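The values are calculated or read from the model by the stated rules, or taken from the named source; none is laboratory data. Given the structure is predicted, the values throughout are model-derived calculations rather than measurements. Because the Cβ atoms are built from the backbone with ideal geometry, glycine has one as well, and the counts that use them run over all protein chains shown. Just the protein is used for accessible areas: all its heavy atoms, side chains included, with ligands, DNA and RNA removed. Shrake-Rupley method; radii C 1.70, N 1.55, O 1.52, S 1.80 Å.
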Amino acid sequence: MVIEKVVNKKESKDLIQLFNKNKDKAAKFPSNWMDINSPSAYPIYDTKLKDSFLTKILKRIEKIVQTYYGKDIAIEKSELKKHAQGAYHVMHYDRKYRTSPLGLTSVLYLNEGFVEGHTYFADGTRVVPQTGRMIIYDGLKYEHGVSEIKGDSRYTIPCWYRKKSKNEKK
């Protein structure tokens, strides 16, 4: 599923600035898990970045996802992420760090102006990043990756979801 205009250009710019102001909190994540020297992505995990603006955007993302998948869905984990030039992700399923059997994943694209950096799926589907565009898919069911980024860096907010507990539903 593709949803356009989840954030506007100013919000996207502000989120990228938020990343850059907090880049010291970013982890280094190799693009190719089998080659730790490959160009990297730099996620800032939501638990390390307590920011009211980011929280507002995450609530908006969650509400959009709930519109399509039900009010009992909640963000389990999210990142404010920079992919450096040359970074990519090999084909994979979203199993790492998951505690929920729910496979729902979303990716919000914060910029464009780079070459490639597409999200691609095993069936040949390719999603071209555009500012404010968000994709939602089952990351446990659909194998996917990111093509090599050329030119400017690519910024995203990936989110992984879980079902709310009975106490949260009240």
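Descriptive notes on the structure:
- Taking 0.36 nm per residue of separation and subtracting the current Cα-Cα distance, fully stretching the chain between Glu143 and Phe121 would add 7.3 nm.
- Note on Thr131: accessible area is roughly 30 Å² with a 1.4 Å probe, heavy atoms of protein only.
- Segment 75-152: chymotrypsin sites (Phe, Trp or Tyr not before Pro) in DSSP coil with no more than 12 other Cβ atoms inside 10 Å: Tyr97
- Restraint check, Lys10/Lys82; Lys5/Lys28; Lys9/Lys81; Lys25/Lys163, Cα-Cα greater than 26 Å: Lys5/Lys28; Lys25/Lys163
- Among the protein heavy atoms of the chain, carbon and sulfur supply 52% of the accessible surface, probe 1.4 Å, non-protein parts ignored.
- Point-charge dipole on Cβ atoms (K/R +1, D/E -1) for the chain, about Cα centre, debye to 20: 820
- Reachable aspartates and glutamates from Lys150, criterion Cα separation under 14 angstrom, eight or more residues apart if same chain: Glu112, Glu116
- Answer label for Cα extents along the principal axes in Å (calculated), chosen among [x] 47, 34, 28; [y] 67, 34, 23; [z] 118, 22, 17: [x]
- Local electrostatic count, Ile3, Cβ distance below 12 Å [Lys/Arg +1, Asp/Glu -1]: +3
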